[in-house]
Amino acid sequence: MAWTRLELRDRAAPPQAASSTPIGLWTILAVAAAATAIWLTSQTTSDRQKAPDGTFRVEEHLSTAVVTVRKPGSAEQPCTWQPSDGRWHCGAQDFAFVGPYAGLAAGKPVRCLWLHPHAGGATTVVRWPDLNLGDHLEARLRLLDDVASGQPTRLQVFAAGQSVGTLSALDGRDHPDLDVDLPNGRLRGELRLEISATDNDWRLACAEVLMTGKRRAMGDQPPTDKTLLYAPPARHDQNGRPTQ
């Protein structure tokens, strides 16, 4: 890389004074600072380009999930994957599964992940232990049409061990949404959904969860506004003091 030497002279000072005052030092420091900032920006941009794509729609990756039901005071019970219908079966009841669903919710046709909660305040846990994590997450919780008002159904979303939001729906008219930026951290980690209801009677829940973007590792800085890198250095008098 070819470097160009820059020299700034104070117009108020005679030419011979410029070489004998600290102005040359201030110029060198300003150029060095700008070069360092450009290098840091290029490194951050390079890291972002290397970061894996975190685009992930949960209902499209069910076979790679781990699905369990956690009852109060009991160990988590694993559900069983059935490739024939692309569902996780978690009990004998017709509703006791986790799988893709197409129907009407909140008055609109949806394609989503069926997550009817279990009885006794049990929590259904759906997790992907090791994913490329994105930097943004969108989630929607819907109860199917004609579901009457009842106990709230709660969906909590976790990424890399941190709760990123909770959605709660009372009936088929509710349509809670979540739209959040994920905190910086490890580029890979766990995505987890947990759904439950104190009373699960007719809590016909369906969820959409989409993670997108490229995650920054902890400590990475956002891209720097390059227009800030080329601000001219402050002028100084012959004694090195800043002038207006």
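Only the coordinates and a few stated rules stand behind these numbers; no lab work does. These figures come from a predicted structure and were not determined experimentally. Positions of Cβ are generated from backbone atoms using ideal geometry, with glycine treated the same way; all protein chains shown enter the neighbour counts.
Working note: Karplus 6.51/-1.76/1.60 with θ = phi - 60° gives the stretch 176-191 the couplings x, 10, 10, 9, 9, 8, 7, x, 4, x, 4, 6, 10, x, 9, 10 Hz, where Gly and Pro are set to x.
Protection proxy ranking of 97-103, 69-75, 122-128, by the mean of other Cβ atoms within 10 Å over each peptide's residues and highest first, is 122-128, 97-103, 69-75.
Between beta-carbons, use under 10 Å as the cut-off and find the net charge around Val209, counting Lys and Arg +1, Asp and Glu -1.
Once all neighbours under 10 Å are counted, the net charge is -1.
Here the residues Ser196, Ser63, Ser84, ranked from fewest to most Cβ neighbours within 10 Å of their Cβ, fall in the order Ser84, Ser63, Ser196.
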